[in-house]
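One structure is given here, and the rest of the page talks about it.
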Amino acid sequence: MSHPCLITLDSRSAPRTLFSGDRLVEVDLPTGTRVLYSKPPIEPLKDVDAAIRYALNHPENSEPLYARLRPGMKVCIAIDDISLPLPPMRRPDVRERVLTIVLALLADYAVDDVEIIIATSVHRRMKAFEVRHVVGDRIFDKYWPDKLYNHDAEDKDNMVYLGTTELGEEVEINRRAVESDLVIYVNLNLVPMDGGHKSVAVGLCGYRSLRAHHNPRVMRDCYSYMNPETSSLARSVDRMGKLVNEKLKVFTIETVVNNRMFDKPLEFLAKNEDDLSPAEKTALRALRFTLDKVPQPARQAIFQRVPSPYGVIAVNAGETVAAHKKTLHKNYEQYCVPVEGQADILVTGIPYISPYNVNSFLNPLLVQVMAQGYMFNLYKGAPMVKRGGTMIVLHPCTDLFDNEHHAPYIEFVHRLLPETRDALELHRRYEREFANNAAYIEMYRKGNAYHPTHPFFMWYWGEAGRQHLGRVIVVGADNEYIPKLLGWETARSMEEALRMARLTAPANPDILCLHLPPIGMADVSVPPGAGGVHAPSDHR
């Protein structure tokens with residue numbers, strides 16, 4: 001019996017509409033193609049503030065938060081940055097709701113030495129208007145910018161070395177967190193890759209710590225980033241987080257949102273095309289037409305001007321591992337769709353947004369991250385596509401970069417990738433050069449640019465997919481230069497791409513279409529002895 005979010009196309013099915021950047025493209029897929037749609041949003045909690053208070057007072061494997069407070073103590077609150085959620089959440093952001101309750105509780109216990117750090121790690125600094133959206137007007141006006149500020153991974157005087165793990169991973173953390181009597185982390189867990197020890201051990205660290213796990217060898221040894229149990233990245237972060245929690249007193253607060261990405265008037269984009277009403281079909285046609293006619297900034301504005309109406313579906317607090325275990329359970333409940341058997345060909349659109357281009361353009365390096373990093377890894381169990389299979393993606397691959405946010409990316413793509421796509425070579429020959437680039441570091445510290453090592457991490461992020469897949473074919477590219485740099489082939493249409501893919505696929509190939517967004521995941525099961533499944537040991 002098929003899952004309601006996994007359909008098999010027949011000759012009567014409507015064409016599918018997939019994102020291609022900030023456009024929508026209608027494609028005809030062959031009869032028999034399986035199409036994976038996201039689950040409907042889980043019904044949100046009726047009283048989010050009550051759920052927050054309950055979690056603080058009944059935490060997992062920990063004393064209640066109030067029992068850990070005393071007058072005059074020094075507290076550091078850290079919160080996730082703008083990379084979560086995607087797109088930004090309609091106000092009030094759940095982090096504002098948590099902060100409001102936590103700050104009131106601290107005031108009740110005469111705790112007034114409080115600083116709030118945005119845990120950017122090596123992401124770009126958030127701008128004032130972006131911070132205001134996340135924390136709300138009252139908190140912003142009271143704390144910004146002296147007591148509410150962005151983490152600076154290059155402020156050497158404000159980074160403290162805590163030691164090494166049993167495998168030699170160096171742990172360095174923000175000084176304010178280290179010198180505080182209590183660290184409270186407020187997390188928004190969008191996908192299973194987020195949260196847990198990653199919050200403090202990554203969010204408040206710098207390059208010295210990140211290089212232990214953000215490297216090609218570790219990333220190749222990840223059997224889905226979305227399954228922490230089989231990810232070398234997650235295991236490394238957990239070792240480092242364990243050391244952090246041995247040295248610091250940490251109280252974790254994790255929130256989970258559903259996948260209600262689209263509000264009116266775009267909510268029909270979350271539906272199966274076969275279920276659209278006549279009015280919704282008309283609206284979809286009109287939206288496609290409009291996006292094809294307006295310039296790029298206007299296309300992006302159509303999607304970004306309406307924040308997402310996510311609903312909060314869980315709040316967990318307490319000891320990091322115990323709280324995160326419950327969070328992961330809720331993530332999987334919202335996202336995982338059972339899928340039997342792997343595909344020979346995986347088809348997916350690439351939407352206009354990633355964690356790293358909020359309020360800017362999705363540049364070619366980030367298109368690669370979305371395809372071979374995030375989209376490929378949206379699975380639990382076995383990969384969606386067999387080892388050596390083909391991935392077909394839709395995106396224009398425009399050679400355009402945001403000069404303010406992504407300056408180091410431009411040199412990486414146009415100077416380094418023409419020399420080599422080998423992640424190990426890039427890591428060995430160039431990463432340290434970029435890490436010590438004074439101009440890029442200044443743009444990270446004083447402007448709003450990503451850290452100069454970030455483009456390397458984005459390339460490494462695609463390693464698991466790059467090592468597993470046989471081919472990537474992009475449909476709709478507006479140039480051939482960028483796809484060639486990425487190691488991809490090009491096709492003018494979906495029909496041509498499928499014809500190309502069949503040349504290296506078995507007869508009557510199994511085709512799976514990942515119809516996203518909203519976010520969903522495939523929980524893929526395969527019969528014993530089935531070919532095409534890789535394991536982490538393949539990449540060691």
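The values are calculated or read from the model by the stated rules, or taken from the named source; none is laboratory data. Since this is a predicted model, take the numbers as computed values, not measurements. When we count neighbours, we look across all protein chains shown, and the Cβ atoms used for this are built from the backbone with ideal geometry, even at glycine.
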task = Would you mind telling me which numbered condition in (1) of a type outside the set (A, V, I, L, M); (2) under 22 Å from the mean Cα position of the chain (by Cα); (3) outside any helix (DSSP H, G or I) Gln467 fails?
result = (3)
key: Checklist (1) surrounded by 18 or more Cβ atoms within 10 Å (Cβ to Cβ); (2) over 30 Å from Ala343 (Cβ atoms); (3) touching a Lys or Arg at 6+ places or on another chain (Cβ under 6 Å) applied to Val114, failing item   = (3)
ask   = Met370 fails exactly one of the following numbered conditions: (1) assigned to a helix (DSSP H, G or I); (2) in contact with a helix residue (DSSP H, G or I) (Cβ under 7 Å, 6 or more places away or on another chain); (3) hydrophobic (A, V, I, L, M, F, W, C). What is the number of that condition?
value = (2)
message = Could you go through region 448-467 and let me know if any residue there is within 30 Å of Thr17 (Cα to Cα), assigned by TED's automatic domain parsing to the domain that holds Glu480, surrounded by fewer than 21 Cβ atoms within 10 Å (Cβ to Cβ) and modelled with pLDDT of 95 or more.
response = yes
ask   = Condition test on Leu106, is it modelled with pLDDT under 95 and hydrophobic (A, V, I, L, M, F, W, C)?
value = no
request  = Would you be able to tell me the number of residues in region 76-94 that are buried (at least 22 other Cβ atoms within 10 Å of the Cβ) and over 15 Å from the mean Cα position of the chain (by Cα)?
outcome  = 6
request  = Hey, can you tell me all the residues within region 366-381 that are hydroxyl-bearing (Ser, Thr, Tyr) and under 15 Å from Val339 (Cβ atoms)?
outcome  = Tyr379
task = Please tell me if Tyr54 is within 27 Å of Pro87 (Cα to Cα) and either in contact with a strand residue (DSSP E or B) (Cβ under 8 Å, 6 or more places away or on another chain) or touching a residue at least 60 places away in the same chain (Cβ under 8 Å) (or both).
result = no
request  = Test Ser277 against the criterion of being under 22 Å from Ser20 (Cβ atoms) and among the polar types (S, T, N, Q), and give yes or no.
outcome  = no
query = Name the residues in region 292-307 that are surrounded by fewer than 19 Cβ atoms within 10 Å (Cβ to Cβ) and in contact with a Lys or Arg (Cβ under 9 Å, 6 or more places away or on another chain), would you?
reply = Asp292, Val306, Pro307
query = Looking only at region 294-315, which residues are touching a residue at least 60 places away in the same chain (Cβ under 8 Å), of a type outside the set (Phe, Trp, Tyr) and within 10 Å of Asp263 (Cα to Cα)?
reply = Pro307, Ser308, Pro309
message = Name the residue that is surrounded by the fewest Cβ atoms within 10 Å (Cβ to Cβ), counting only residues in region 1-20 that are touching a helix residue (DSSP H, G or I) at 6+ places or on another chain (Cβ under 7 Å) and not in a loop (DSSP other than H, G, I, E, B).
response = Thr17
ask   = Within region 375-396, can one find any residue that is buried (at least 21 other Cβ atoms within 10 Å of the Cβ) and assigned to a helix (DSSP H, G or I)?
value = yes
message = Are there strands (runs of 3 or more DSSP E) fully within region 21-127 with at least 1 residues that are basic (Lys, Arg)? List them.
response = 23-27, 34-37, 74-80
request  = Return yes or no: is Arg176 under 28 Å from Gly447 (Cβ atoms) and in a helix (DSSP H, G or I)?
outcome  = yes
ask   = Do the conditions hold for Ala438, that is, is it surrounded by fewer than 24 Cβ atoms within 10 Å (Cβ to Cβ), modelled with pLDDT of 95 or more and in contact with a His (Cβ under 9 Å, 6 or more places away or on another chain)?
value = no
query = If you scan region 180-196, which residues turn out to be touching a Lys or Arg at 6+ places or on another chain (Cβ under 7 Å) and part of a loop (DSSP other than H, G, I, E, B)?
reply = Ser180, Asp181
key: Sole residue being of a type in the set (D, E, K, R) and assigned to a helix (DSSP H, G or I), chosen from Arg421, Arg445   = Arg445
